[in-house]
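The values are calculated or read from the model by the stated rules, or taken from the named source; none is laboratory data. What you are looking at is a predicted structure, and each value in this text was computed from that prediction instead of being measured. As a convention, Cβ positions derive from the backbone with ideal geometry for all residues, glycine included, and neighbour counts pool all protein chains shown. For the accessible areas, the whole protein counts, side chains as well, though only heavy atoms, and no ligand, DNA or RNA atoms are used. Shrake-Rupley method; radii C 1.70, N 1.55, O 1.52, S 1.80 Å.
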Amino acid sequence: MEFRSKSSSVVAVKAYGGGAGKSKVSMYLVAPEADVAIEDFEQYALDRLHVLIAIEENRSRGKRAEDVEAAVMDLWRKHMRTVQSDDLLQKDVISHFVLRLVHCRTEELRRWFLEMETALFRIRFRMESPELQKAFIEEHKLPYKIISAAEFDGMKEKLAQVMRASGQGAGLVGETAFYKVPFEEVLDLVATRKVYIHQGHAYVPREQLVTIVANHFRSMLSQALVLTNRNWTAMFAAQEEDRLTPILEALSKRYLAPDYSKSASGSAVTLQELDGLAMRSFPLCMRHLYLKLQEDRHLRHGGRQQLGLFLKGIGLKLDDALAFWRGAFAPRMPAEKFDKEYAYNVRHNYGKEGKRTDYTPYSCMYIIMSSPGVGDHHGCPYRHFSPENLHAALSGMRLSPKSIDEVMEKTRGRHYQLACAATFEGAHSCQCDGINHPNQYFEQSRKFLKEQAEKATEMETDS
Amino acid sequence: MGADTEDHMEVEDHKEVKVEAVPESRLVYDGFSPDYLRIYYGRLFPYAEMYKWLSYGHDGKHPGCDASIMGRREFSFTLEHDIYIRYLSFHDVSEMEATIKSKCPHKIDIGALYNVEPAKRTAYAGGSDRVFAPVERELVFDIDMTDYDDIRTCCSGADICLKCWPLMNIAIKILDTVLREDFGFEHLLWVYSGRRGVHCWVCDARARRLSNEARSAITRYLTLYKGNENTTKKVSLTGPALHPALSRAYEICRTYFEEHILPNQELLNSEGHFEKVLELVPDESVRAQMRDRWQDNRRASVAKDGISASRWKQLKQALESKKVTPSVRRSLEEIIFSYTYPRIDIEVSKHMNHLLKAPFCIHPKTGRVCVPIDPQDCDNFDPTNVPTLAQLLNELNAEGVKGGSECRGNLLLHSPAFCLPWPDCLA
């Protein structure tokens with residue numbers, strides 16, 4: 001695989017080799033040649049990650065295999081949807097390869113990815129029709145052959161005997177199709193004498209074939225992961241340090257932020273509260289935007305999006321949001337102009353216009369990756385501010401010099417989200433492990449302050 | 001080995017060495033000495049054939065062959081005073097011959113084919129993808145009579161006799177069938193270990209390339225007997241039917257059990273013996289029934305040889321009756337398998353880097369040559385009549401200066417398989 005930056009926002013993915021498969025399930029031998037927008041690069045991977053994590057959760061809850069399968073296929077259809085149907089395979093393959101990059105670097109990551117992807121493959125392959133399964137095997141030149149009727153007749157008795165011996169009931173034999181595979185592919189069946197072997201071939205029912213193909217998939221992926229790691233480290237890690245590496249690193253933490261599309265506490269935030277909340281519980285990026293908005297009575301598009309969606313996430317209702325923005329712009333802009341030119345966008349963010357997508361507030365990753373230009377105030381201060389400006393902003397938050405130093409140090413090390421966490425710690429004097437989403441900062445802050453308030457009232461009533 | 005005549009031997013420098021008539025026990029030891037061994041290696045050891053076997057056609061004579069193959073095969077020697085040297089290798093047959101002749105090892109082991117010359121292994125290591133590792137190795141099995149000590153009443157420990165030897169024949173027949181019919185292997189070499197067991201070398205290319213996991217799986221496929229002195233029932237058959245491989249093996253086991261093992265080991269003759277058998281019957285009423293009848297029969301006029309046979313008939317009848325539960329009926333097969341089914345040393349077969357004694361070595365404790373066995377004719381193989389070092393040297397002497405060719409021919413005649421060309425060339 002190769003990456004070229006066409007522009008900072010597009011990744012060109014080039015594959016070696018070619019050939020597309022007819023079946024829906026892929027062995028991911030070859031990466032597609034495609035231009036991938038960087039948002040899709042991350043989003044596709046996130047969607048797939050949802051499915052993989054669901055597999056892990058379902059398995060750990062001890063659900064029956066059929067239930068796990070049903071749940072996973074459901075999630076697969078939900079998350080891996082695309083606008084056009086022929087993009088489906090593209091998204092499948094691209095998301096797999098992005099996650100491959102994410103999970104190639106350490107043994108633990110590789111092992112997890114291998115387990116989950118093999119389970120996913122197994123589920124999807126099993127759902128395929130026998131014809132497609134056969135086509136898949138032929139296409140990949142796997143050494144598994146379905147046995148002819150004549151062959152079957154010759155060994156029917158022995159096959160039935162094996163079934164009975166391993167407690168599987170001979171009734172299955174008449175119905176199941178049998179495949180002839182090299183015995184090396186079913187060693188656990190050989191070891192426990194659960195399969196009929198003759199002249200070096202094992203004769204397995206179609207059910208078993210799924211396991212065999214899945215094992216094959218696993219060993220191929222295992223080798224590929226090692227290669228990917230080698231290639232990435234040797235060729236791309238350096239040049240992608242600022243662009244793709246942060247995305248990959250974030251994905252590897254497997255944090256799937258709650259959407260924050262609905263406020264977690266359920267309670268709405270009123271206009272009157274906003275000011276106080278901004279000063280105490282907003283992360284620096286949002287606080288900065290809020291203050292700039294007060295100062296300039298205006299924000300450019302990027303800032304309006306970043307702050308606007310954030311506000312939606314904390315529970316600001318549409319009507320209040322319209323009032324907020326109208327009011328914020330008011331000194332410089334008559335209400336009619338606002339309604340004509342800006343109200344539409346606010347309504348659009350809330351899913352009330354056009355496509356009616358209920359947009360989710362941006363995650364830290366997304367914000368870090370953005371590129372604010374002249375006159376913009378969005379982005380991540382730890383990333384995009386000059387050290388002097390950042391220092392000033394932190395002082396504005398009334399952080400102690402010690403806290404500020406810690407934050408600056410993390411920033412120098414380019415650990416932007418840890419810097420934000422350190423800011424949180426400085427502002428709240430409580431621990432924070434890492435911030436992955438501005439709304440997370442907000443919610444943690446609210447929670448902490450609420451607990452403080454409760455403790456204070458308790459102490460008052462006691463004394 | 002009964003050589004109680006005087007043996008004269010001529011050594012190269014015409015010094016006569018006399019071996020005097022000595023008591024049995026001492027003769028065994030005297031049948032093996034460094035001097036005799038030197039002559040054996042000098043005149044009789046089949047270097048060319050051994051080399052031809054292990055190079056599998058890569059003998060450097062045609063294009064496309066890998067001349068490095070022999071140099072990457074590990075050998076180990078056990079020298080006098082139990083000095084052990086590993087990681088030996090030879091670039092060609094003359095080097096192998098010269099080294100063996102000069103070092104005169106008491107035992108030669110053959111190991112795996114590695115990715116680099118064993119002698120250079122330390123230089124190679126260091127680096128995650130450069131590890132000294134085995135690349136190919138024959139699939140091997142080792143069957144040792146001491147693993148059957150709990151069912152042998154004729155001998156124990158290192159001794160063997162013609163009464164217990166049939167256990168080896170059972171093992172040879174069953175393993176040979178499984179390896180050929182079930183796994184499709186063709187080039188099997190069976191060798192007498194020189195004292196109390198047999199080895200099997202599976203030399204097909206596919207076998208040589210098996211992973212450790214595959215070797216372990218094949219061995220488990222062949223394993224039925226599990227347990228030690230603490231467990232009573234060591235063969236446990238579950239399920240309403242036997243796997244085809246086991247039902248096929250059962251036919252072989254049953255025949256040998258009734259014709260050889262039962263009478264030879266006098267399994268039901270005395271109370272001490274038959275109690276052990278009855279332990280395997282999971283039905284107290286049957287056990288009690290048998291005990292009553294057999295204790296009464298003690299004074300019967302049945303000839304000694306017939307006792308076990310007739311008692312076995314009675315037991316079989318009781319177990320095959322329609323009145324008993326399936327698990328009791330099953331115990332008939334379990335008994336037979338317990339007393340006959342092959343017992344393989346899994347550790348020997350599992351690892352590619354395990355070293356195994358080379359054919360045509362001389363066993364230091366017995367002086368016997370580790371000769372190949374023909375599995376089709378194993379019933380006629382007599383381990384007590386295997387050529388010994390002393391006998392060979394005798395023959396050599398009698399032949400005069402012909403160089404030992406006839407003698408050597410006799411050695412190799414034991415193994416038509418060993419001399420066949422190996423069609424895996426360049427595979």
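The number of residues in segment B:62-76 that are of a type in the set (Asp, Glu) and at pLDDT 85 or above comes to 1.
Filtered by the rule that a residue be of a type in the set (A, V, I, L, M, F, W, C) and over 15 Å from B:VAL277 (Cα atoms), segment B:305-359 gives B:VAL324, B:ILE344, B:ILE346, B:VAL348, B:MET352, B:LEU355, B:LEU356, B:ALA358. In segment B:30-46, the qualifying residues are those that are assigned to a loop (DSSP other than H, G, I, E, B) and closer than 15 Å to B:ARG368 by Cα, and the one that is modelled with the highest pLDDT is B:PHE45. Identify the residue in segment B:225-252 that is at the interface with chain A (Cβ under 9 Å from one of its Cβ atoms) and at pLDDT 90 or above and, among all such residues, is nearest to B:SER327 (Cα to Cα). Taking the candidates together, the pick is B:LEU242. Scanning segment B:192-224 for residues that are open to solvent by 30 Å² or more (accessible area, probe 1.4 Å), within 13 Å of chain A (Cβ to nearest Cβ), basic (Lys, Arg) and under 19 Å from the mean Cα position of the chain (by Cα) turns up just one, B:ARG220.
Against the definition (over 21 Å from the mean Cα position of the chain (by Cα) and part of a helix (DSSP H, G or I)), how does B:HIS273 come out, yes or no? So B:HIS273 fits the description; yes. Could you check segment A:95-136 and list, in sequence order, the residues that are surrounded by fewer than 18 Cβ atoms within 10 Å (Cβ to Cβ), over 21 Å from A:ALA65 (Cβ atoms) and not aliphatic (A, V, I, L, M)? Hits for segment A:95-136 are A:THR106, A:GLU107, A:GLU108, A:ARG111, A:GLU131.
The residues in segment A:137-148 that are assigned to a loop (DSSP other than H, G, I, E, B), under 17 Å from A:VAL204 (Cβ atoms) and either open to solvent by 60 Å² or more (accessible area, probe 1.4 Å) or in contact (Cβ under 8 Å) with a residue 40 or more places away in the chain (or both) can be counted, and the count is 4. Could you please let me know if A:ARG122 is in contact with a helix residue (DSSP H, G or I) (Cβ under 7 Å, 6 or more places away or on another chain) and within 9 Å of chain B (Cβ to nearest Cβ)? Here the answer is no, as A:ARG122 does not meet what is asked. So, in segment B:346-363, of the ones that are of a type outside the set (A, V, I, L, M, F, W, C) and more than 30 Å from B:TYR36 (Cβ to Cβ), which residue ends up nearest to the chain's Cα centre (by Cα)? By that ranking, first place goes to B:SER349.
For segment B:153-164, the count of residues that are under 30 Å from A:LEU227 (Cα atoms) and in contact (Cβ under 8 Å) with a residue 24 or more places away in the chain is zero.
Total residues in segment A:159-171 satisfying the condition of being assigned to a helix (DSSP H, G or I) and open to solvent by 50 Å² or more (accessible area, probe 1.4 Å): the figure is 2.
Suppose we filter segment A:197-214 for residues that are within 12 Å of another protein chain (Cβ to nearest Cβ) and in a helix (DSSP H, G or I); how many remain?
0
For A:MET369, the conditions (1) under 20 Å from A:ALA250 (Cβ atoms); (2) among the hydrophobic types (A, V, I, L, M, F, W, C); (3) touching a Gly at 6+ places or on another chain (Cβ under 6 Å) are fulfilled apart from (3).
Residue-by-condition table, conditions (1) surrounded by 19 or more Cβ atoms within 10 Å (Cβ to Cβ); (2) at pLDDT 90 or above:
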site	(1), (2)
B:PRO326	no, no
B:ILE335	yes, yes
B:ASP345	no, yes
B:PRO359	yes, yes
B:HIS363	yes, yes
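Among the residues of segment A:149-158, those that are surrounded by 14 or more Cβ atoms within 10 Å (Cβ to Cβ) and more than 9 Å from chain B (Cβ to nearest Cβ) comprise A:GLU151, A:PHE152, A:MET155, A:LYS156. When each of A:GLU39, A:GLU66, A:GLU57 is tested for being over 17 Å from A:PHE113 (Cβ atoms), open to solvent by 70 Å² or more (accessible area, probe 1.4 Å), modelled with pLDDT of 70 or more and under 18 Å from the mean Cα position of the chain (by Cα), the lone residue that passes is A:GLU39. Taking into account only those residues within segment B:127-167 that are among the aliphatic types (A, V, I, L, M) and in contact with a Gly (Cβ under 7 Å, 6 or more places away or on another chain), which is surrounded by the fewest Cβ atoms within 10 Å (Cβ to Cβ)? Only one residue tops the list, namely B:ILE143. Annotation note: Cβ proximity below 9 Å between a residue of segment A:99-124 that is without any contact (Cβ under 8 Å) to a residue 60 or more places away in the chain and over 21 Å from A:GLN43 (Cα atoms) and a residue that is assigned to a helix (DSSP H, G or I) and of a type in the set (Ser, Thr, Tyr) (sequence gap 6+ or interchain) occurs for A:THR106/A:SER252. Among the numbered conditions (1) touching a strand residue (DSSP E or B) at 6+ places or on another chain (Cβ under 8 Å); (2) open to solvent by 50 Å² or more (accessible area, probe 1.4 Å); (3) of a type in the set (Ser, Thr, Tyr), the only one that B:THR78 does not meet is (2). For segment B:152-191, a tally of residues being within 14 Å of another protein chain (Cβ to nearest Cβ) and polar (S, T, N, Q) returns 1.
Can you tell which of A:LYS194, A:LYS180, A:LYS134 is in a strand (DSSP E or B) and either at negative phi or of a type in the set (A, V, I, L, M) (or both)? Break it down into steps so the answer makes sense when it comes.
Details: A:LYS194 fails: in a strand (DSSP E or B); A:LYS134 fails: in a strand (DSSP E or B).
The unique qualifying residue is A:LYS180.
When restricted to residues that are assigned to a loop (DSSP other than H, G, I, E, B) and touching a helix residue (DSSP H, G or I) at 6+ places or on another chain (Cβ under 9 Å), segment B:365-380 contains 5.
Taken over segment A:207-241, the residue count meeting the criterion of being free of Cβ contacts under 8 Å to residues at least 40 places away in the same chain and either touching a Pro at 6+ places or on another chain (Cβ under 8 Å) or surrounded by 17 or more Cβ atoms within 10 Å (Cβ to Cβ) (or both) is 1.
Matching residues to (1) outside any loop (DSSP other than H, G, I, E, B); (2) among the basic types (Lys, Arg):
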| residue | (1), (2) |
| --- | --- |
| B:SER76 | yes, no |
| B:PHE90 | no, no |
| B:SER94 | yes, no |
| B:LYS101 | yes, yes |
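The single condition among (1) over 30 Å from B:SER55 (Cβ atoms); (2) touching a strand residue (DSSP E or B) at 6+ places or on another chain (Cβ under 9 Å) that B:LYS173 does not meet is (2).
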